[in-house]
Amino acid sequence: MTATIDRPVTSKRRSSTARRQNLTGWAFVAPFGIIFLALLVVPIGYAFYLSLFQKSLIGGTRFVLFGNYVKAFNDPSFLSGVGFVIRFSLVLIPLQMALSLAIALMLDIIITRFARFSRLMIFMPYAIPTVIGALMWGFLYSDNFGPLAEIFESFGRQAPDFLSSSLIFYGLLNIVTWQWAGYYMIIIYAALQGIDPTLYEAARIDGASQWQIIWRIKIPLVAPALLLILVFALIGTLQFFNEPKILQQLAAGAIPNDFTPNMYAYQQAFSLANSNYGAAISFALGAVVFVCVYIFLFATRKRGSFTS
Amino acid sequence: MKTKIVLAAITTLALAGALAACSAGGDGGASTGGGGNADANCSNTIKKKDAPIVTLWAWYPNSEAVVDNFNEEHDDVQVCWTNAGAGGAEYDKFQTAISAGSGAPDVVMVEADRIAPFQVQDALVDLKDLGYADVKDNFSEGAWKDVSVGDGVYGAPIDGGPMGMIYRKDVFDKYGITPPTTWQEFEAAAQKVKDAGGPNFASFAANQPAEVTALMYQNGAEPFTYDPSDKGEIGINLNSDEVKEVLDYWAGLVKKGLVGTEDQFTPEYISAVIAGDYATYLSAAWAPGYLQGAGVGEGADAGVWATAPMPQWDPADPVAINWGGSAFSVTKQAKDPELAAKVAFGVYADKKSLDEGWQNQIIFPLNQDVLKSEEFQNYEVPFFGGQQANKEVYVPAANAYKGMTYTPIGQYYYSALTKQIAAINDGKVTGSEAADALQKDVVAYAKEQGLTVKE
C-alpha cells in the first residue's frame, strides 16, 4: 500500500485510468464473483470452520483443531463407509466404462434410425432423477411386485433379493450403472464423432479391419474422454448418497446409516445434532476423493499422453 | 434436427432432475416454519386476525380440521399450522432449527421417544408450571411418564400406541390355533403353522427399533435410566439378561424360519400382509388405521383381522407395552411460552377433534375422558370385523402401561439397534451377542457425548 502512495505524480493519471479499467473489469466479474463467494467459498469456509469444533450433548462445543479429523480416520463407521465406496468404485467404474464404450462404439458403427432411437433410450435413465430411479428399482427388485420375481417364479425358483444385506452391493451396482452408462456413452460418442473420418479411410486403404480401426484408432483417440469419465465416476461414486439413502426406506437392515461416508455425514449433522463432526466427515471424504483422483491421474498420466 | 431438439430437451430435464436430486439430498434446512412470526406461511386460514399467533408443526392427517376446531373456539390465540413432514423428516428440520438457533415453530409434534434427545439440547420448555396441573388428571401416569424427562414435563400427550397382537382369524382357524397368551405358546403356534406349510407367523424387522425396545421392556428390561437433574449421568443396560432373553428368543424364531425379516411399513411388507404372508402383526392401537390406509382389510383379506392382548413372558404378571404415540412440545424458540403451552394442551383436546381422531382411527387418544367413555369402549371397530377392540385389548393395555424412560441418545441407539437386528436376521450373531455389541456401541457413543455412563 505504501508503494502506491509514494509513487511519483506523473504516473498518477495513468494509474487512475488503470484503476478505472480495473474497476470496470471487476464490475464484469462481480455477478459471478458474488455468487461464487456467497454460495461456494463462504459455505465451504464455514463448514471447514465448523469442522474444527467438537460438539457433545453434555459440555457443549469446544475448539479441537483437527481433532475431528483424527477421530474420523479412526472411526470404524467412517472407515467402513470409505471402504465400501472404494470397493464399489473398483467394480462399478470399469464395468460402467466398458459398457458405455462398447455401446458408443456400436452406435458409431451402425448408422440407422434404430441407432438414434437406441442412443436416446440408453441415455434416458440419466434424464430420470437418481431419487426416482432408485425408488423405481426398489420396486423392480420387489418380491411381490417385481418382474424379476415373476421371471424366476416361472422357472420355479426364488428371485435373489437385491435388497438383502448380502446382495445390496449388486443391487446398487445395477442401479448406478443403468443410470450413468447412457450419459457416459454420450460423452464417448461425441468424442467419436469428433474423429476425422479420413483417418478411417486411410486405415482401410492400408487394409485395416473394423476391429483394428476400433483398437488402433477409435479407442486411443477417445482416451481423453474416457479419462474424463473416469474422474467423474470416481468422484461421483465416492460421494455415493442418493440411491442408498432412498433404498434405505425399503431396506433399512441392509443399508445402515453409516453405509457410505456421505450418509454418515448426513446422519451426524441432521439426526444426531452434530454438524461439526458431519462437516469434518465431509472434508475428510473430500480428502479421500482428492487422494484417489490424484493417484489415479498420476497413474494414467503417461497413458493419457500418448494421444497428444 | 429433431433429434437435437429432443436431446436438448432431455438434457435440460436431466439437469433439472440432477438439481432436484441435489436439493432433495441436501435439504435439511429450516425452509418451512416461521419461528413464531405472525406472518409465517400457514397451511390453514386464520380467521381471527387480531389474536396473537402460535406456530405449530404437526403431521397427522386430520391436523387441519383439528387446528380449525381450536381456532374457532379461541379468540385469545390462533394457531398457524404447518406440516413439516412426518416423523423423521420433521425431526431433521427441527434439529436444524435448533442448531441454527432460529426457524423452529412455537409448538412441535414429537413422539415420546424423541423428547429426551431434544430436551438434552435444551430445546424444549418444561410445562410443569404452564398449565400441566390443569390437565394432569386427564392422562394416566404412564402417559405422563412418556413425555417427562426426570421431573420435567416436556410434552402434552395426544395419543399413544398400546400394543396388541393383531392376527388373521382365517389363518388361525385353518391351522387350528387360538391366540397365544405367552411367548412360549406363540413359538409353539408359529411352529405348528410352519410345519403345516403355513405363512410366517410374525416379522422381526430391523427398521422398527422402537417396537423391539418395547418388547424388551415387556420382559422387565430397563435399557436406560436417565435423570436430567444429574445431567451427566446415564444408565445403559442393553446387555442385561432380560434384553438377551428377548433378542435370543427372536433370533431363534428367525433361525427356525418361523418369522419374516422384512422391513415393516414398506410397500413390500404391506402387500405381503395383504397377501396373507403373515399370521400376526404385533403392533399398536394405531396400526388398523395405518393398515387400512394402505389397503389392508379390503378385498381378499376383508373381515379376517382380529386382535388379542400381547403374549406375555409371565402370564401371572402381565406387562403392557406401548409403541409410538405423539405429544405437542413447546420449543425454547417460542416467543410466548405460556401462550404456546396453551396451544400445546388445547389442540387435540376438544371432544370434536378427539372423536374425529379415534373414529377415523388416526389416533388412539390417551385422554381419560375418551378412554372411559362408553362410546369409545363399546365401539365396534370395523377393521376387526366389529370386535370391541378398545374394551377388550387396547384400553386395558393403555391403562396398565407404566411408561418408559427414554434416552437422550435415542437416535443413535435406534440406529445401532437396527444394525444389530439386521445382523441377527442375517444369522451373523446370536441375540446375546447382538446385545453385547449393542451395549458396547451405545456406551462408547454416550461417553463420547460427554455423558457419565453407569453400566
Sort A:E243, B:E185 by heavy-atom solvent-accessible area, probe 1.4 angstrom, most to least. B:E185, A:E243
Stretched out fully, how many nm does the piece from A:Y49 to A:I214 gain, at 0.36 nm a residue minus the Cα gap? 54.3 nm
Using θ = phi - 60° and the Karplus relation 6.51 cos²θ - 1.76 cosθ + 1.60, list the HN-Hα couplings for region B:392-400 in order, rounded to whole Hz, with x at every Gly or Pro. 6, 10, 7, 5, x, 5, 5, 6, 7
Rounding to the nearest 20 debye, state how big the charge dipole of region B:186-298 is about its Cα centre with +1 on each Lys and Arg Cβ and -1 on each Asp and Glu Cβ. 360
For A:M185, A:M97, give me the order by solvent-accessible area with a 1.4 Å probe, most accessible first, ignoring ligands, DNA and RNA. A:M97, A:M185
Once phi is turned into ³J(HN,Hα) by the Karplus curve 6.51 cos²θ - 1.76 cosθ + 1.60 with θ = phi - 60°, what whole-Hz value does each residue of region B:198-204 show in order, with x for glycine and proline? x, x, 4, 8, 7, 9, 10
In terms of modelled amide H atoms, which long-range or inter-chain residues lie less than 5 Å from the amide H of B:I363? B:W358
Each residue of region B:157-167 in turn: what ³J(HN,Hα) in whole Hz from Karplus with 6.51, -1.76, 1.60 and θ = phi - 60°, glycine and Pro shown as x? x, 10, 9, x, x, x, 8, x, 9, 7, 9
Simple spin-label estimate for B:S102/B:D137, 7 Å along Cα→Cβ, in nm, reads 4.5
Relative contact order computed over chain A (Cα-Cα under 8 Å; 6+ residues apart), in percent: 26
Efficiency by 1/(1 + (r/R0)^6): what FRET value for A:V42 and A:F63, r their Cβ-Cβ distance, R0 = 35 Å, to the nearest 0.05? 0.95
Listed by chain and number, the residues whose amide H is under 5 Å from that of B:S203, excluding neighbours fewer than 5 places away on the same chain and using placed H, are B:G260, B:L282
With DNA, RNA and ligands ignored, accessible area of A:R19 (1.4 Å probe; Å², nearest 10): 150
Using +1 at the Cβ of each Lys and Arg and -1 at the Cβ of each Asp and Glu in chain B, identify which of B:A334, B:F201, B:I270 lies farthest towards the dipole's positive end. B:I270
Listed residues B:G431, B:G410, B:S373: farthest to the positive end of the dipole of region B:307-455 (Cβ charges): B:G410
How about region B:192-278: which trypsin sites (Lys or Arg not before Pro) there lie in a loop by DSSP and see at most 12 other Cβ atoms within 10 Å? B:K256
Accessible surface of B:L130 - all protein chains present, 1.4 Å probe, nearest 10 Å²: 40
Put +1 on the Cβ of every Lys and Arg and -1 on every Asp and Glu Cβ in the protein assembly as shown; which of B:F224, A:L199, B:W250 then has its Cα farthest towards the positive end of the dipole? A:L199
Set of lysines near B:K372 by C-alpha distance (under 26 Å), chain-local residues within fewer than 8 positions excluded: B:K128, B:K136, B:K145, B:K342, B:K351, B:K352, B:K391, B:K402
Report, in debye and to the nearest 20, how large the dipole of region B:131-244 comes out about its Cα centre when Lys and Arg carry +1 and Asp and Glu carry -1 on their Cβ. 620
In vacuo Debye sum over C-alpha of chain B, base-10 log of normalised intensity I(q)/I(0) at q = 0.07, 0.09, 0.13 Å⁻¹, listed in q order, is -0.38, -0.63, -1.24
Using a Förster distance of 56 Å, the FRET efficiency for A:Y200-B:D230 (Cβ separation, nearest 0.05): 0.10
Cα→Cβ-extended label distance, 7 Å offset, between B:D355 and A:S166, nm: 5.6
7 Å from Cα along Cα→Cβ at both A:M124 and A:L79: what's the point-to-point distance in nm? 4.6
Contact order normalised by residue count of region A:45-176, Cα under 8 Å, 6+ apart, percent: 11
Note down the accessible area of A:V42, probe 1.4 Å, to the nearest 10 Å². 90
GNM on chain A, Cα springs under 10 Å; top mean-square fluctuation among A:L39, A:L226, A:L65 goes to A:L39
For the protein assembly as shown, give the magnitude of the charge dipole about the Cα centre (Cβ charges: +1 Lys/Arg, -1 Asp/Glu; no others), in debye to the nearest 20. 5100
With only helices counted (DSSP H, runs n ≥ 4, each -39500 (n - 2.57)), the per-residue ellipticity at 222 nm for chain B, to the nearest 500, works out to -12500 deg cm²/dmol
Can you return the lysines within cross-link range of B:K256? Criterion is Cα-Cα under 23 Å, with same-chain partners fewer than 8 residues away left out. B:K174, B:K192, B:K194, B:K244, B:K419, B:K428
Region A:190-308: relative contact order from alpha carbon pairs under 8 Å, six or more residues apart, as a whole percent, is 23
In chain A, which whole DSSP H runs stretch at least 20 Å along their own axis (Cα) and average 1.6 or higher on the Kyte-Doolittle scale? A:76-109, A:219-238
Descending accessible area (1.4 Å probe), largest on the left, turns B:L339, A:L37, A:L238 into A:L37, B:L339, A:L238
How many percent of Cα pairs in region B:292-343 exceed 13 Å? 77
Report, by chain and number, residues whose modeled amide H sits under 5 Å from the one on B:S148, excluding near sequence neighbours (fewer than 5 apart, same chain). B:Y154
Taking every DSSP beta bridge with both residues inside the protein assembly as shown, roughly what % is antiparallel (nearest 5)? 70
Taking r as the C-beta separation of B:T452 and B:D369 and R0 as 41 Å, the FRET efficiency to the nearest 0.05 is 0.45
Between the alpha-carbon centers of region B:89-165 and region B:240-298, tell me the distance in whole angstrom. 28
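The values are calculated or read from the model by the stated rules, or taken from the named source; none is laboratory data. Predicted model only: the values in this text are computed from it and were never measured. Cβ coordinates were reconstructed from backbone atoms using ideal geometry, including for glycine residues, and neighbour counts include every protein chain displayed. Surface accessibility is based on the protein's heavy atoms, side chains included, excluding ligands, DNA and RNA. Shrake-Rupley method; radii C 1.70, N 1.55, O 1.52, S 1.80 Å.
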